[in-house]
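The values are calculated or read from the model by the stated rules, or taken from the named source; none is laboratory data. Keep in mind the model is a prediction, meaning the values are calculated, not measured. Here the Cβ is made from the backbone with ideal geometry for all residues, glycine too, and neighbour counts use every protein chain on show. In case anyone asks, the SASA skips ligands and DNA or RNA and just uses the protein heavy atoms, side chains included. Shrake-Rupley method; radii C 1.70, N 1.55, O 1.52, S 1.80 Å.
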There are 2 protein chains.
Amino acid sequence: MMTAPAQLAFDDAVALAGDLAAGRTSAVALTRAALERIAETNADWRIFITIAPETALAEAEASDARRAEGRTLGPLDGIPIAIKDNIDVAGMPTTVGTAAYRNRHPARDAAVIARLRDAGAVILGKLNLHEGALGATTDNPTYGRCENPRVPGSTPGGSSGGSGAAVAGALVAIALGTDTMGSVRIPAAYCGNWGLKPTKGLVGTSGLAYLSWTLDTIGPLANSPEDLALAIRAMAGPDSDDPRSVATPEGWDPTPTKTSLKGLVLGRPSVVDSVACEPEVRAAYDALLARAVAEGAIIKDVAIDGWDTGKARRAGLLISEAEAGSLLGADLDTLGDGFSDGFRRFLDYGRKAPGERIAAAYAALDRLGLAARQALDGVDALILPTAPQRAFAHGAPAPADQADFTALANIAGLPAIAFPLPGDPKPNSAQLVGRAFEEGKLLGIAKALFGLAP
Amino acid sequence: MMTAPAQLAFDDAVALAGDLAAGRTSAVALTRAALERIAETNADWRIFITIAPETALAEAEASDARRAEGRTLGPLDGIPIAIKDNIDVAGMPTTVGTAAYRNRHPARDAAVIARLRDAGAVILGKLNLHEGALGATTDNPTYGRCENPRVPGSTPGGSSGGSGAAVAGALVAIALGTDTMGSVRIPAAYCGNWGLKPTKGLVGTSGLAYLSWTLDTIGPLANSPEDLALAIRAMAGPDSDDPRSVATPEGWDPTPTKTSLKGLVLGRPSVVDSVACEPEVRAAYDALLARAVAEGAIIKDVAIDGWDTGKARRAGLLISEAEAGSLLGADLDTLGDGFSDGFRRFLDYGRKAPGERIAAAYAALDRLGLAARQALDGVDALILPTAPQRAFAHGAPAPADQADFTALANIAGLPAIAFPLPGDPKPNSAQLVGRAFEEGKLLGIAKALFGLAP
């Protein structure tokens, strides 16, 4: 088994951008290094489903040529990135992690991919995920059991497990994931990364193979708040083919705001006490709060009306079942064998669930979203553990409560960040949830909290 | 049969406000006059389900007392209004037009009623509607067949038929209706009134007995654009108990904007040619466009991607069935006899409809809403007939296409206005659909078009 931390090939993307600007490296050199490392590790780690060396090197050459001519597209120009395999990239299949779609070739890039190309990013390939983006172990029956490079022998989480693993394994500085009820933040937590689920509508989702178009959000995973800001700035913007896309607000800026903890008000939802957390998770969370208080932060207990984590999870799952069932259900008849039994049952359940339950689930999510937004009124951000547990061993049964702390932000359409907390040998993670479009403020708070020495 | 036009008891609310301010009349005098007229006509017209003389007169007396002390609450203070009987008014039952809820007494006012009380409006009582707000004839099996005072022997439309009839019959200057797929605008058209369906979220809906919380909107009916502006200004504002409520945008102003037709661009959706309209409706619409062109307006043909009026109507109906089914379905078991067979079937269908169809209907509405908002990009407003037909005789089968031109605005969350066009003996009506929160611009355009002599 390889272990990653001793073999980091990559700095943060912001540092790489500096190297490129100073001529200390080239996009081709970075891309070659990444491709070599992927080639060395993929048989063991199963992080990539598709590797695209030819197009990646051509993109890197084009980036270097632009730079030589003084026509650089910005700080992402020439930075290699990788994409969760439920987001369309022209020229590569979009498998959605299921055998059924092994040969599904999109006609064009997803809207967010087009934006990243416009910013000059080099696309290395497509990343492993939990089948159908439904589940949080990335133990994929078709594309392999994805390894957690930070915790050998353990799951990277999911559904964006390949995205968390790619960053943790230093294969890329930035990876794209998708988050329906926590699918960016859970792997970020298990792999010791930073992960951002942006405000609903900020990043267009056309060209994403939806699990739930109501809850799905595309977000980046990386090693620092600055890299998340770099990525989300390129990703954000209107998408004329996404009904939920909104115009980027005037003055929106994801740069982490310089933040003093003195007087900062962090809301501590009462559900933190009602979900049974792994003791280490709870201890890391409590220690973080204590350090924040020592720096002058104010912890305010908040009750979010009607937030029963189990009920909210089941309502979100039912919506996902109905929406995925309506989108993919017809494929059960023609491609049924290509889906695992579990995923097939999930789609089938959603197709047939009675209308009154579906409508009631939508209403429950609407209500909870309102309560969450109202709970933010008197605080700067909500603070929670990211997941109730740390990365667990491959093959262990997946806990039902993995998304209990993360689903709220999807339901409410709010931005949320997972950031690493000290933990040995398994990383811990804290989560902040903020007001709509306050990504910069949230990244600033996370950075200040991360910077507190334990 | 009584006919109204010769017996108007009421001027526009704006004129009444002037009379009150000048001391030419009092709130008590206006309220008494209205109550007398309601008492005289209700056996024939069946416009009111609940008449509340005692509370109305007490409110009027309080208004006059405020005025005497120089503490008037604004231009609505002392103006009698009436409320569709699916909106909660404390102290009166909310029957929703069905026998099942004959004794349903709300604990408090709906949010919009609280706002109208804050503005000093006097509430005369609750208005007849199509059973469950589902349907557009207001031929109510429990509370009587509501008459159209403007077209004797004909339906006032619906579901806010009592609201249209109350204004047409000069019982009030302003009535509140609700609009799920056209339920404010269709009675406005059939009764020769002005009707406004506001931007989604502008008027809070907590305390409304929802047919579809996704599509339902509360809006006023009146005799002029100025009265609609007076009403909506008081009605608009955040509702902390409505997940779809939005903050009133800075600078939002519903006052009809002074508008020149010269150079104004009106979008004419291609579906106008695909729906079979009554010849008089089409002739009135074509004549209006010709008059507008003669004044310098530009008519631009617009195709709204994917707008099949029949499919959109059926998707909206399915969502209403599922949402109403989830809300009221349980009452079928205990109050089943209180629902008509038709309404019971409707609820039952929604309870049981398969999840994949419900989810697909939500997605179809999302897509169409996006297309409608995009179609507004190059025009000042869309212009359409309000309904494909004029008021029709009681007992005639209700056409399936009554809401074919109106449902779009609900689906897209956009404001829409119905305003009267000349027609004898039956009024005609045109409809404008505008961008979100541009109520003032839309009312200004409608006023300019209305002012063109035929």
Q. Gap in Å between the Cα centre of the stretch A:319-380 and the Cα centre of the stretch B:379-454?
A. 36
**Q.** C-alpha center-to-center spacing [the stretch B:114-168, the stretch B:37-113] in angstrom
**A.** 13
Q: Using θ = phi - 60° and the Karplus relation 6.51 cos²θ - 1.76 cosθ + 1.60, list the HN-Hα couplings for the stretch B:305-319 in order, rounded to whole Hz, with x at every Gly or Pro.
A: 3, x, 7, 9, 4, x, 5, 5, 4, 5, 5, x, 5, 5, 4
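How large is the accessible surface per residue of the protein assembly as shown, computed with a 1.4 Å probe and reported in Å² as a whole number?
Working: 30810 Å² over 908 residues.
Per-residue accessible area for the protein assembly as shown comes out at 34 Å².
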Q.
Can you tell me how the stretch A:281-363 classifies by the Cα gyration tensor, rounded, prolate or oblate, using a/c under 1.5 as the rounded cut?
A. prolate
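Looking only at other chains, what is the average number of their beta-carbon atoms within 10 angstrom of each beta-carbon in A:233-245? Kindly include the intermediate steps, with their values, before the conclusion.
Values: counts 0, 0, 0, 0, 0, 0, 1, 3, 3, 2, 10, 2, 1.
Averaged over the peptide's residues, the number is 2.
What quantity of accessible surface, computed with a 1.4 Å probe and excluding non-protein components, is buried in total between chains A and B, in Å² to the nearest 100?
Numbers: alone 16400 and 16400 Å², together 30810 Å².
Between A and B, the summed buried area is about 2000 Å².
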Q.
Can you compute 3J(HN,Hα) from phi for each residue in the stretch B:412-426, using the Karplus curve 6.51 cos²θ - 1.76 cosθ + 1.60 with θ = phi - 60°, rounded to whole Hz and x for Gly and Pro?
A. 8, x, 9, x, 8, 10, 9, 9, x, 10, x, x, 9, x, 10
(Q) 7 Å along Cα→Cβ for the label point: how many nanometres lie between A:Lys352 and each equivalent label in the other copies, listed shortest first? (A) 1.5
(Q) Using the Karplus curve 6.51 cos²θ - 1.76 cosθ + 1.60 with θ = phi - 60°, what ³J(HN,Hα) values do you get for each residue of the stretch A:204-209, in whole Hz, with x for Gly and Pro? (A) x, 10, 6, x, 8, 7
Q.
Considering only C-alpha atoms, what is the centroid distance from the stretch A:253-290 to the stretch A:184-214, in Å?
A. 21
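What is the percent carbon and sulfur in the accessible area of the protein assembly as shown, measuring with a 1.4 Å probe over the protein chains and ignoring ligands?
On the way: 16210 of 30810 Å².
Of all accessible area on the protein assembly as shown, carbon and sulfur atoms account for 53 percent.
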Q | Mean Cβ neighbour count within 10 Å, used as a protection proxy, ranking A:355-363, B:445-453 highest first | A | A:355-363, B:445-453
Q.
On a straight-distance basis, which lysines could pair with B:Lys126 in a cross-link, Cα separation under 18 angstrom, same-chain partners fewer than 8 positions away excluded?
A. B:Lys84
Q) Which of the pairs A:Lys200/A:Lys352; A:Lys200/A:Lys441; B:Lys258/B:Lys426; A:Lys311/B:Lys352 have their Cα atoms more than 23 Å apart in this structure? A) A:Lys200/A:Lys352; B:Lys258/B:Lys426
Q) Quick one: which bits of the stretch B:338-365 get at least 50 Å² less accessible when the partner protein chains are in, versus the chain alone, with a 1.4 Å probe? A) B:Arg351, B:Gly355, B:Glu356, B:Ala359, B:Tyr362
Q. Once you sort the root eigenvalues of the Cα gyration tensor of chain B as a ≥ b ≥ c, which label holds: rounded (a/c under 1.5), prolate (a/b larger than b/c) or oblate (the other case)?
A. rounded
Q: Using amide H atoms built 1.01 Å from N in the peptide plane, name the residues 5+ places from A:Asn428, or on other chains, whose amide H lies under 5 Å from its own.
A: A:Leu421, A:Gly423
Q: Would you calculate a helix-derived [θ] at 222 nm for the protein assembly as shown, using -39,500 (n - 2.57) for each DSSP H run of n ≥ 4 and dividing by the full residue count, to the nearest 500?
A: -12000 deg cm²/dmol
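How would the stretch B:135-179 be classified by its alpha-carbon gyration tensor: rounded, prolate or oblate, with rounded meaning a/c under 1.5 and the a/b versus b/c comparison settling the rest? Please report the intermediate quantities before stating the final value.
Values: a/c = 1.78, a/b = 1.20, b/c = 1.48.
It is oblate, given that a/c is not under 1.5 and a/b is not larger than b/c.
With a 10 Å radius around each residue's Cβ, average the other Cβ atoms per peptide and rank A:420-430, B:229-239, A:404-414, highest first. The partial results should precede the final answer.
On the way: A:420-430: 19.4, B:229-239: 22.9, A:404-414: 27.2.
Result, highest mean Cβ count within 10 Å first: A:404-414, B:229-239, A:420-430.
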Q) Which of the residues in the stretch B:301-334 lose at least 30 Å² of accessible area when you go from the chain alone to all protein chains together (probe 1.4 Å)? A) B:Ser326
